[in-house]
Amino acid sequence: LKSFGYDMFEELQDAFLPQGNLPIPSDYIVGPGDTLEVNLFGKESSQHQLLINNLGQINIPGLEPLNVAGLSYSELKTLISQTVKTKMIGIKSTVTIADLRGIQVYLVGDVKKPGAYQLSSLSTITNALFISGGPSEIGSLRNIELKRAGKKIANLDLYNLFTKGDVSQDKRLQHGDVIFVDSIKSQVTINGEVRRPAIYEMKGDESLAD
């Protein structure tokens, strides 16, 4: 019998790395390195590619620098729209994200290929795991921690994803995040007349019924 779930990581799957012209979610937090495309139209029309600089600002021609880092995508669009409408009479705007910044995250613990990885800023915990080859043979699928600035942000149980499609704890990553894969603590073999005979990882409080 095989251990349940590990066959998902048998091949490195670059397809799991967000890239190309993906829809940007409204709650995406913009930051230095993101490139915006701002279109101004009305009595005059123009198009601008604006990089968010290290100060978290963009410079729209004819306006003072705008602080945008830390805003969600929807807040960003509202801010630019209102600023242009107020200070550039007769001009309206549309805003899209033309290019996403890169982030560096660290995968440590019982991972097949631990180390630092350069990923898209839309990447989630599972994206990073698939790119790294996933947990090793002794690595846990049920106790995967996301740490940010020394604090635990999320604990991902891949069994919930594989059996229920639950991605609620598959958090979006930020620059400098650490993903720690713990080692397996206990396992149980389930065999016979069952739908998925395999070796399963158990959490400490789980019963035979679970």
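The values are calculated or read from the model by the stated rules, or taken from the named source; none is laboratory data. Note that the coordinates shown come from a computational prediction; the quantities given were computed from them, not determined experimentally. When we count neighbours, we look across all protein chains shown, and the Cβ atoms used for this are built from the backbone with ideal geometry, even at glycine. Accessible surface is based on the protein model in full, side chains and every heavy atom, while ligands, DNA and RNA are left aside. Shrake-Rupley method; radii C 1.70, N 1.55, O 1.52, S 1.80 Å.
Bridging of Lys43 to lysines at a Cα separation below 18 Å is possible for Lys85, Lys87, Lys92, once same-chain residues fewer than 8 apart are set aside.
Hey, can you rank 138-149, 179-190 by average C-beta count inside 10 Å, highest first?
Top of the packing list down: 138-149, 179-190.
Rolling a 1.4 Å probe across the protein heavy atoms gives region 58-105 an accessible surface of 52 Å² per residue. Decide, for region 79-191, between rounded, prolate and oblate: order the square roots of the alpha carbon gyration tensor eigenvalues as a ≥ b ≥ c, take rounded if a/c falls under 1.5, and otherwise choose prolate if a/b is larger than b/c, else oblate. The shape class here is prolate.
Here region 105-134 is scanned for amide nitrogen atoms under 13 Å from the site 7 Å beyond the Cα of Lys147 along Cα-to-Cβ, giving 106-110. In this structure the amide hydrogen of Ser123, modeled in the peptide plane, comes within under 5 Å of the amide hydrogens of Leu173, none closer than 5 places in sequence on its chain. Say the dipole of the chain comes from +1 at the beta carbon of Lys and Arg and -1 at that of Asp and Glu; which of Ser140, Ser45, Pro23 then lies farthest toward its positive end? The residue sitting farthest along the positive end of the dipole is Ser45. The alpha-carbon of Lys147 sits under 28 angstrom from the alpha-carbons of these lysines, leaving out residues fewer than 8 places away in its chain: Lys112, Lys113, Lys164, Lys171, Lys185, Lys203. Each peptide in 161-167, 110-116 was scored by the mean count of other Cβ atoms within 10 Å over its residues; highest first, the order is 110-116, 161-167. Rounded to the nearest 10 degrees, the inclination of helix 73-87 to the longest alpha-carbon principal axis of the chain is 10 degrees.
In order along region 110-118, the phi-based Karplus estimate (6.51 cos²θ - 1.76 cosθ + 1.60, θ = phi - 60°) of 3J(HN,Hα) comes to 8, 10, 4, 10, x, x, 9, 10, 8 Hz; Gly and Pro are listed as x. Phi angles across region 92-100 convert, under the Karplus curve 6.51 cos²θ - 1.76 cosθ + 1.60 with θ = phi - 60°, into 3J(HN,Hα) values of 10, 9, 10, 10, 9, 9, 7, 8, 8 Hz, Gly and Pro given as x.
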